[in-house]
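See structure below.
Nothing in this text is a laboratory measurement; each read-out follows from the coordinates by a stated rule. As the structure is a prediction and not an experimental result, all values here were calculated from the model. Glycine gets a Cβ as well: all are built from the backbone with ideal geometry, and neighbour counts include every protein chain shown.
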Amino acid sequence: MIAMLIREEAKEIPVFYEADICVLGGSCTGVFAAVRAARLGARVVLVEKQNSFGGVATSGLVNVWHTLHNTEFNREIIAGLTLETIERLSRIGAVAEEKKSHSVGFVLNTEELKIELDQLTIENKVKVYLHTMFVAPFIQDGELQAVIVENKSGRGAIRAKVFIDATGDGDLCARLNLEHRLSSHFQPSTMCAKISGWGINGELQDDMTGNNSLIGLDIREARLLYKDEFNLPEGFGWGRHVPATKDTYMYAGTRVYHANSADGDQLTFSEMEGRRQVRAIMDLVRKYGPDNKIALVSLPSYIGTRETRHIECHYRLTGEDVLYGKSFEDSIAYGSYRSDIHHQDKPGLTLRYLDGEQVYMRPGYPNEVSRWRDKIAVNPSFYQIPYRCLLPKGPYTNIIAAGRMIDMDEDAFGGVRVMVNMNQTGEAAGVAAYLALTQNKRLADIDTGHLRKTMKAGGSIMI
Ligand SMILES: Cc1cc2nc3c(=O)[nH]c(=O)nc-3n(C[C@H](O)[C@H](O)[C@H](O)COP(=O)(O)OP(=O)(O)OC[C@H]3O[C@@H](n4cnc5c(N)ncnc54)[C@H](O)[C@@H]3O)c2cc1C
């Protein structure tokens, strides 16, 4: 019989680096956290398991950032490093803006984004480790003192005084055994793909799906009609052309249901099943889309994970807080993207807007429009994310979460999860880490008024 547990031998490992602040995970959330703390003067180290920064946007190919305005498009609510990055990418033609769109604000060339994020870390003297995976926390005297990482050099430690968990999945919090949960309806993962020959850049695109330029074939109808022939689950597909390319289209049209990306086996299954579905879509278009000479240009480095763990924090943001635009004294981020729930238990998605409207979209069927609430005198035009949602409960006072793992219920997560919002949580975590460090305070004890002022001074909008 094979023993189910083995004991790993204790051994001494080198300390790779010592910093004030250690950020784990280098999507824009993590990079922006690192850059904001470094700009204030902290010595910052940033650890990313992939070969580049950007997370789902780059390694997952998701090339859309939403508007920086409120729902009425008459008030700017987001600036900071999100705006700065858009401006930098604009200078090289790597962004296309879709003004006043509730579905799409900016379409990015996310290969250029990878290079821009490298530049940001270099300019701000952030020590970076790519191809480096966080694997375990190091606790001494009851305190989180270091993290253990692994890369081509082997296993080593990174010491720091404050830690930011920006791994998306909350790997550091989970390994610390901090309370966390996986929603029973966690949103399914999607393998994106870049496909050439999909259509001609610049043609008018459908506001929601962007896919009406697939010549000779209504992809939504075709997928429903031929789903059994190609073993394609019903779900939802959308996409966008890659800015300044002739005809390269990013299509997010697969769905891997009931597979948790924070589980090694299930993630492995998702990757291969996602790729199988991309092949099935290609085969379908090759067979039934006679005018399309499509080619698969690239697959992502990993499947796009929408949702895994949420960390139990000092406050859980609710759908009601978001959809009624509740104000918080300790707000550190703002958003206007509607609650957008990709279903786990049925095809399609449900959108809940701040004006009370609700739309259930199931590709190939008419949209079902209703209301999630009655009309009210004045609709909120944006929502707020409080600092407390980033602060994990538990014994460790020098750890803060940023990104999709923060504490929110399913409805809140539906809207808050998008990148322009997550970016701001990174910036807040970076500034908060700097203040805790320099004031010798626990992250939970910093003055949130001071946090907001410091964020504003660094370019964030604070309302
Ligand atoms: C298919 C799909 C479509 C989407 N569409 C949009 C959209 O159009 N617009 C939008 O704004 N949002 C969209 N989203 C949502 C958005 O992309 C995510 O919610 C957002 O990227 C979450 O940011 P994050 O920083 O929390 O996590 P991630 O982007 O997942 O980044 C986590 C980072 O941490 C790294 N990491 C993880 N574990 C470790 C470890 N142990 N050690 C070291 N590094 C680690 C990862 O490699 C990654 O770089 C979409 C998501 C998916 C999956």
**Q.** Fewest-first ranking of SER460, SER103, using other Cβ atoms within 10 Å as the exposure measure
**A.** SER103, SER460
Q. What nm distance separates the two modelled labels at ASP445 and TYR226, each placed 7 Å from Cα along Cα→Cβ?
A. 6.5
Q: Please give the helix 264-288 orientation as an angle from the longest Cα principal axis of the chain, in degrees from 0 to 90, rounded to the nearest 10.
A: 20
Q. By how many degrees, 0 to 90 and rounded to 10, does the Cα axis of helix 448-457 deviate from the longest principal axis of the chain?
A. 60
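In percent, how large is the relative contact order of segment 47-156, given Cα pairs closer than 8 Å and 6 or more residues apart? Working shown, then result.
Numbers: 150 pairs, mean separation 32.3, N = 110.
This gives 29 percent for segment 47-156.
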Q. Angle, helix 419-438 long axis vs. longest principal axis of the chain, Cα atoms, 0 to 90°, nearest 10?
A. 0
Q.
Taking 45 Å as R0, compute the FRET efficiency from the Cβ-Cβ separation of ARG373 and ILE13 and round it to 0.05.
A. 0.25
Q. What's the Cα-based Rg to Rh of segment 1-154, Rh via Kirkwood?
A. 1.09
Q | Reciprocal of mean inverse Cα separation for segment 88-209 (Kirkwood radius, Å) | A | 18.9
**Q.** Burial ranking of peptide ranges 349-356, 302-309 (average Cβ count within 10 Å, highest at the top)
**A.** 302-309, 349-356
Q) Using only the Cα atoms of segment 312-397, what do you get for the radius of gyration and for Dmax, in Å? A) 15.7, 51
**Q.** Cα principal axis extents for the chain, largest first, Å
**A.** 66, 65, 45
Q. Taking the C-alpha atoms of segment 227-267, how large are the radius of gyration and the largest Cα-Cα span, Dmax, in Å?
A. 14.3, 39
Q. So if R0 is 35 Å, what FRET efficiency would LYS453 and ARG91 give, r being the distance between their Cβ atoms, rounded to the nearest 0.05?
A. 0.70
Q) Of LEU296, GLY253, PHE230, whose Cα points farthest to the positive end of the dipole of segment 226-315 (charges on the beta-carbon: +1 Lys, Arg; -1 Asp, Glu; origin at the Cα centre)? A) LEU296
Q) Which entries in LYS125/LYS453; LYS326/LYS393; LYS99/LYS194; LYS114/LYS346 show an alpha-carbon gap greater than 30 Å? A) LYS114/LYS346
Q. At a Förster distance of 22 Å, what's the computed FRET efficiency of LYS287 paired with ASP345, Cβ-Cβ distance as r, to 0.05?
A. 0.10
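Among ASP340, ASP141, ASP409, ASP447, which comes first, then next, by fewest other beta-carbon atoms within 10 Å? Provide the component values of the computation, followed by the final result.
Working: ASP340 21, ASP141 5, ASP409 16, ASP447 13.
Ascending number of Cβ neighbours within 10 Å: ASP141, ASP447, ASP409, ASP340.
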Q: Quick one: work out the % antiparallel among DSSP beta bridges in the chain, nearest 5.
A: 75
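Only four residue types carry charge here, +1 at the Cβ of Lys and Arg and -1 at the Cβ of Asp and Glu. Report the dipole size of segment 137-202 about the Cα centre in Debye, rounded to the nearest 20. Spell out each step's value before the answer.
On the way: 7 positive and 7 negative charges, 58 e Å.
Here the size comes out at about 280 debye.
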Q: Please state, to two decimals, what the Cα-based radius of gyration of segment 212-337 comes to when divided by 2.2 N^0.38 Å (N = residues).
A: 1.37
Q) How far is it, in nm, from the label point at ARG155 to the one at ASP141 when both lie 7 Å from their Cα along the line to the Cβ? A) 2.5
Q.
Between segment 404-442 and segment 224-275, what is the separation of their alpha carbon centroids in Å?
A. 28
Q: Please sort 10-18, 75-83 by packing, taking for each peptide the average over its residues of neighbouring beta carbons within 10 angstrom, highest first.
A: 75-83, 10-18
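Work out, step by step, the length gained on full extension between ALA3 and SER183: first 0.36 nm times the residue separation, then minus their alpha carbon distance; give nm to one decimal.
Details: separation 180, 0.36 × 180 = 64.80 nm, distance 3.21 nm.
Between ALA3 and SER183, full extension yields 61.6 nm more.
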**Q.** Separation of the GLU111 and HIS258 label points, Cα + 7 Å toward Cβ, nm
**A.** 3.8
Q.
Using Cβ contacts closer than 10 Å as the measure, can you line up LEU323, LEU144 from fewest to most?
A. LEU144, LEU323
Q: Please report how far the C-alpha centroid of segment 119-138 lies from that of segment 1-33, rounded to the nearest whole angstrom.
A: 12
Q.
Give me the dipole magnitude in Debye, nearest 20, for the chain about the Cα centre, with unit charges on the beta carbon: positive for Lys and Arg, negative for Asp and Glu.
A. 520
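Give the peptides 191-198, 372-379, 158-165 in descending order of average Cβ contacts within 10 Å, highest first. Let's see the in-between values first.
Values: 191-198: 23.2, 372-379: 10.0, 158-165: 25.6.
Output ranking for 191-198, 372-379, 158-165: 158-165, 191-198, 372-379.
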